[in-house]
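Participant: After the structure tokens below, expect a handful of questions from me.
Values quoted throughout were computed directly from the atomic coordinates according to the rules given, and no laboratory measurement underlies them. Treat the numbers as computed from the prediction; the structure is a model and nothing was measured. Cβ atoms come from the backbone with ideal geometry, glycine included; neighbour counts cover every protein chain shown.
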Amino acid sequence: MNTENKSNEKDGDYTTGDAFDDRYVSVNDYTGEGYDLVNGEKTDVIANEKFAEIEEAMKAFFLEEYKTEVIVHNVVGNVDGATVFVESVGEPHFHTYAMIGIDVKEEKIMTESIWTQDSQVEQSLFGGLLAMIMDEEFAVLDDFIEGFAQKNSLTGWRQEAINNVGSTGYTTPYYFIQPMPVALSEQMEQVNGLYFEDPSIDAKELKGHFDKEDYNEEHIIFSIQLYMSKEGDKPDKALFQKLVSEFKELEGAPRGNYQLSLHDNYVNKLSASGSQDNSLKERNVLKD
């Protein structure tokens, strides 16, 4: 569940033996350990040695720039410094990331050099606010996915993995949402602006400023990612069709463009992805 730079890995068939063990881990055990970014070997060592310094700088940055208190969960070295994974405290709830510069020669954290990718944090914040606005609809979605997973021996990501390498905004063990920042720029700016003016704003007040029946449902992506619960099990085609069929009949879920995936039991440690050649996928299931 990571849309940040995913090293050099691509979806594909498994390797075997030691190579398999080096690259893949059961989603049941996956905590985010092993995640790798291109050319981040040297900076990764420095970043982890000076985690406390990065943590302090990042907390101050998010509070100043986004009016949001965050928990800093993990740092991973990249070519320019470190990618820092954070979780917001309370509501709106979301996971995202920012980057901080590192002077490798001086082994120095450049606390004055913190930046984010275009609209990444704004998109994540907006998703968390939408979950507050459409709390009843999200509860319907949660009940369906959790119930289906429990009845059919499916699973999702552990919370530790979401915390350590999750960067997909409003994220649960089974799904995340990604509002399109360009297509929904007006709504995102309006709703985020209300939060920036008053970070303690509650769901009731937010609901009065956003018409949940007015946006184009194609512009909010819901990515549902389920896994087989047992190691060695391949994605079950009949079970996946049952999931798709029952989901299409579901009423009351948030309006959006749903992408459904069923993976086997393994996650690529380097890329934080469960998607492989054997993954089963159904795209563009619209709820309007």
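Participant: Please list, by residue number, every one of the GluC sites (Glu not before Pro) in segment 199-229 that is coil in DSSP and has at most 10 other beta-carbon atoms within 10 Å.
Facilitator: In loop regions of segment 199-229 (DSSP not H, G, I, E or B), the sparsely surrounded GluC sites (Glu not before Pro) are GLU213.
Participant: So what's the gap between the Cα centers of segment 30-77 and segment 219-288, to the nearest angstrom?
Facilitator: 29 Å
Participant: Using 1/(1 + (r/R0)^6) with R0 = 41 angstrom and r between the beta carbons of ASN152 and SER185, what's the FRET efficiency to the nearest 0.05?
Facilitator: Computed FRET efficiency for ASN152 and SER185: 0.60.
Participant: Out of (1) 22.7; (2) 19.8; (3) 20.5, which label holds the value of Kirkwood radius over Cα pairs in Å that was computed here?
Facilitator: Answer label, from the structure shown: (2).
Participant: Taking neighbour counts of Cβ atoms within 10 Å as a proxy for exposure, in what order, fewest first, do LEU250, LEU130 appear?
Facilitator: Lowest count first: LEU250, LEU130.
Participant: Moving on. With θ set to phi - 60°, apply the Karplus curve 6.51 cos²θ - 1.76 cosθ + 1.60 along segment 283-288 and write out the HN-Hα couplings as whole Hz, x wherever there is a Gly or Pro.
Facilitator: Calculated HN-Hα couplings, in order: 10, 6, 8, 8, 10, 10 Hz.
Participant: Top mean-square fluctuation among PRO181, PRO92, PRO199, Gaussian network model of the chain, C-alpha springs under 10 Å?
Facilitator: PRO199
Participant: Taking only DSSP H segments of four or more residues, each worth -39500 (n - 2.57), what value at 222 nm results for the chain once the sum is divided by all its residues, to the nearest 500 deg cm²/dmol? Before the final figure, lay out each step's value.
Facilitator: Values: 9 runs with 101 residues, N = 288.
The per-residue figure over the chain is -10500 deg cm²/dmol.
Participant: Shifting gears a bit: I need two numbers for segment 164-265: Rg to one decimal and Dmax as a whole number, Cα atoms only, in Å.
Facilitator: So, for segment 164-265, Rg and Dmax equal 16.9, 51 Å respectively.
Participant: Setting aside same-chain residues fewer than 8 positions from LYS230, which aspartates and glutamates have a Cα under 15 Å from its Cα?
Facilitator: Within the straight-line cut-off, LYS230 pairs with ASP29, ASP264.
Participant: Taking other Cβ within 10 Å of each residue's Cβ, how do PHE20, PHE51, PHE247 sort, fewest first? Display every interim value, and only then the final one.
Facilitator: Numbers: PHE20 12, PHE51 15, PHE247 19.
Ascending number of Cβ neighbours within 10 Å: PHE20, PHE51, PHE247.
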